[in-house]
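Structure first, commentary second.
The values are calculated or read from the model by the stated rules, or taken from the named source; none is laboratory data. Everything numeric in this text was worked out from a predicted model, so none of it was measured. All Cβ positions, even for glycine, are placed from backbone atoms using ideal geometry, and neighbour counts span all protein chains on display. Accessible surface areas use protein heavy atoms only, side chains included; no ligands, DNA or RNA. Shrake-Rupley method; radii C 1.70, N 1.55, O 1.52, S 1.80 Å.
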Amino acid sequence: MTTAPATAPTTVFTTMDSPLGPLLLSGVRAADGSFALSAVTAPGQKGALAAPAAHWEPDAEALVPAVAQLTAYFAGERTTFDLPLAPVGTPFRQQVWAALDDIPYGTTLTYGQLADAAGHSPRAVRAVGGAVGANPLLIVRPCHRVMGANGSLTGFAAGIDAKRWLLAHESGDRLF
């Protein structure tokens, strides 16, 4: 008796307008129709694709929940996200990214504090910073809420202006 090979997940994408410019959203659609968001990228984002890969399929319908939640976030109507996620990364990065989810809307913490929250020594701050910089789910996993030890606006893959805008948006202070 032979069984049919399992169908590999399909990477799908859509784009949406945002105050940061057009965002590229991508995710994986399984053979059973389930879907999980794997990336949200902004224009000019360091280390991210600027356009969909050739083998990705457009599927705005699969990404409707993500677009709706991001739209509500930008409108000031949403402070958290409730989406199935499937970012690709090492176990260390996954641990750091999960710790990002616990940073409350409108607040910030330092890379050292994030290291501690992720269960690592503050001496792991450089590795934690690397994981934060590799976060594939901008905004949804709030890496913009992580600051330098002295409270400075340190690196953000989508640029410091985007980080400044996101923090101002969350604080209600458009002059941040």
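Among Ala134, Ala115, Ala124, which one shows the highest mean-square fluctuation when the chain is modelled as a Gaussian network with alpha-carbon springs under 10 Å? The residue with the greatest mean-square fluctuation here is Ala124. Computed from Cα atoms, the angle from the helix 64-74 axis to the main principal axis of the chain rounds to 10 degrees. Kindly list the residues of segment 84-113 that lie in the label zone of Ser34, defined by a backbone N under 14 Å from the point 7 Å along the Cα-to-C-beta vector. Under 14 Å, as judged by backbone N against the label point of Ser34, lie 84-87 of segment 84-113. Of all DSSP beta bridges confined to the chain, the antiparallel ones make up roughly 70%.
Count the net charge of all other residues whose Cβ sits under 12 Å from the Cβ of Leu83, scoring Lys and Arg as +1 and Asp and Glu as -1.
On the way: positive: Arg78, Arg141; negative: Asp82, Asp101.
Its environment carries a net charge of 0.
Using a probe radius of 1.4 angstrom, the carbon and sulfur fraction of the accessible surface of the chain is 56%. A simple rule links phi to the HN-Hα coupling: the Karplus curve 6.51 cos²θ - 1.76 cosθ + 1.60 with θ = phi - 60°, which for segment 151-168 gives x, 6, 7, 8, x, 8, 4, 8, x, 5, 4, 5, 4, 4, 4, 4, 5, 5 Hz, with x for Gly and Pro. Defining a contact as two alpha carbons under 8 Å apart and six or more residues distant in sequence, what relative contact order in percent does the chain show? Relative contact order comes out at 20 percent. About its Cα centre, segment 52-132 has a charge dipole of approximately 480 debye under the convention of +1 per Lys or Arg Cβ and -1 per Asp or Glu Cβ, with nothing else charged. Shown here for segment 112-176: trypsin sites (Lys or Arg not before Pro) in loop regions (DSSP other than H, G, I, E, B) with at most 14 other Cβ atoms within 10 Å, namely Arg174.
What number do you get for the chain when its Cα radius of gyration is normalised by 2.2 N^0.38 Å, N = residues?
Ratio of Rg to 2.2 N^0.38 Å for the chain: 1.08.
Computed about its Cα centre, the charge dipole of the chain is approximately 620 debye, with only Lys, Arg, Asp and Glu carrying charge at their Cβ. The HN-Hα couplings worked out from phi for segment 27-36 by the Karplus form 6.51 cos²θ - 1.76 cosθ + 1.60 (θ = phi - 60°) are x, 10, 10, 7, 4, 7, x, 5, 9, 9 Hz, whole numbers, x standing for Gly and Pro.
Using R₀ = 25 Å, calculate the FRET efficiency as 1/(1 + (r/R₀)^6) where r is the Cβ-Cβ separation of Asp102 and Glu57; round to 0.05.
On the way: r = 33 Å, r/R0 = 1.33.
Efficiency, rounded to the nearest 0.05: 0.15.
Seen from every direction in turn and averaged, the convex hull around the alpha carbons of segment 82-176 projects onto 5.8 nm².
Rounded to the nearest Hz, the phi-derived 3J(HN,Hα) couplings of segment 8-19 under the Karplus curve 6.51 cos²θ - 1.76 cosθ + 1.60 (θ = phi - 60°) are 5, x, 9, 7, 10, 8, 7, 10, 8, 6, 8, x, where x marks glycine and proline.
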